[in-house]
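Okay, structure first, notes after.
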Amino acid sequence: MKTKFFLFFCFINFCLFSQVKETVVIKKSNYSLYRGVLSETKTWYLLIDSENGAYYLANLDRPNEGVYDWFVRFKDSQNIYKSFNGAAEGNVNNLYKTLHFKKENEPTDILNFYIENQSSDAIILTALSDGMVYCFQLQNQ
């Protein structure tokens with residue numbers, strides 16, 4: 001009797017779990033990573049999350065290969081400049097889009113820029129405070 005019950009239990013488990021399908025979800029990355037072009041900005045990186053409209057800016061002294069993974073891991077850190085402007089704030093004609101970066105742990109330290117997408121692989125940030133121009137080049141991930 002115990003053997004029949006055990007076999008019946010195994011059969012039920014087999015039927016239930018054999019219907020489970022494993023699926024792998026492949027999601028395209030919505031991040032674009034840019035690196036500063038000028039010698040003064042070679043260690044500055046800009047990560048754009050196109051899905052959430054978020055921009056992240058950090059000064060990182062590390063090999064270029066590990067920067068993307070670092071951003072994905074630490075983009076929610078309080079010690080990184082963030083700008084959550086949707087697609088970047090702009091005027092009525094969207095001619096002058098601006099980004100306002102700030103750190104959560106230093107809310108008074110704000111960096112304000114005009115942003116210009118020169119091409120699909122270059123972004124130019126112009127500081128509102130002094131007019132300095134910073135060029136960023138798209139990096140391979």
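Where a number appears in this text, it was derived from the coordinates with a stated rule and is not lab data. Since this is a predicted model, take the numbers as computed values, not measurements. Positions of Cβ are backbone-derived with ideal geometry, glycine not excepted, and every protein chain shown enters the neighbour counts.
Send over the Kirkwood Rh of the stretch 29-138, from the inverse of the averaged 1/r over different Cα pairs, rounded to one decimal Å. All intermediate terms of the calculation are to be shown ahead of the outcome.
Working: mean 1/r = 0.0707 Å⁻¹.
Final number for the Kirkwood radius of the stretch 29-138 is 14.1 Å.
Filter the GluC sites (Glu not before Pro) in the stretch 31-71 to those in DSSP coil with at most 14 other Cβ atoms within 10 Å of their Cβ, and list the result. All intermediate terms of the calculation are to be shown ahead of the outcome.
On the way: sites: E40, E51, E65; in loops: E51.
For GluC sites (Glu not before Pro) across the stretch 31-71 that sit outside H, G, I, E and B with at most 14 neighbouring Cβ atoms in 10 Å, the list reads E51.
Given labels modelled 7 Å from the Cα in the Cβ direction, how far is it in nm from L128 to T108?
Distance between the two pseudo-spin positions: 1.9 nm.
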